[in-house]
Amino acid sequence: MNATKKVVLRFPSDIADRPLVCELALQFGLRFNILRASISPHREGIMVMEVIGKEKEEIEAGLQYLRQEGIGVESLSQDIRMVEARCVHCGACVGVCPTEALFMEKPSYLVRYDESKCIACEMCILACPTHAMEAVI
Ligand code: SF4
Ligand code: SF4
């Protein structure tokens, strides 16, 4: 049976164009499914993917390689939810959300959350002044 792990990768802007993820297959014999990606020029890139290998240790070795190359690697183990009663629709989260999961609805100018686009990067949790965005453990 295969081992799998879902991770969030954060690429600093200076290495976002290097094909480091391909090395997971070439060097470590891993397979991966990219679930979501948001990579813009001159900005940090974020990729959510499922890594598949024969053993958990193989996956960890591959992820350790990515860390050594400067990529941030975090486990994706939680969902993000919006507590609407706490939201004051200030828009602070909209600007930091890399996938447009948070957006301003027009013409109402109310902030809405599309959970299907969320990659659980937690940027909105840091940005929200009223703690309306939270991780569900
Ligand atoms: S965690 Fe927040 S900022 Fe990150 S993708 Fe999801 S809604 Fe957007
Ligand atoms: S930052 Fe918080 S309060 Fe402001 S719009 Fe986003 S969820 Fe609502």
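Any read-out appearing in this document is the output of simple, stated calculations on the displayed coordinates, not a laboratory observation. In this text, all values refer to a predicted model and were calculated from it rather than measured experimentally. Note: ideal-geometry Cβ built from the backbone for every residue, glycine included; neighbour counts use all protein chains shown.
Key figures for this structure:
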| item | result |
| --- | --- |
| Computed helical MRE - 222 nm, the chain, DSSP H runs ≥ 4 contributing -39500 (n - 2.57), nearest 500 | -5500 deg cm²/dmol |
| Residues of type lysines that residue 5 reaches as a straight line, Cα spacing below 30 Å, ignoring anything fewer than 8 places off in the same chain | 54, 56, 117 |
| Acute angle (nearest 10 degrees) that the helix 56-68 long axis makes with the longest principal axis of the chain, alpha-carbon atoms | 70 |
| Radius 15 Å from Cβ of residue 43, net charge of other residues (Lys, Arg +1; Asp, Glu -1) | -3 |
| Residues whose placed amide H lies under 5 Å from that of residue 110, excluding near-sequence neighbours | 105 |
| For the chain, convex hull volume per residue from C-alpha positions, Å³ | 114 |
| Separation of alpha-carbon centers, segment 84-123 and segment 1-75, rounded to whole Å | 26 |
| For the chain, the longest site-free run once trypsin sites (Lys or Arg not before Pro) in DSSP loop states with at most 13 other Cβ atoms within 10 Å are removed | 55-137 |
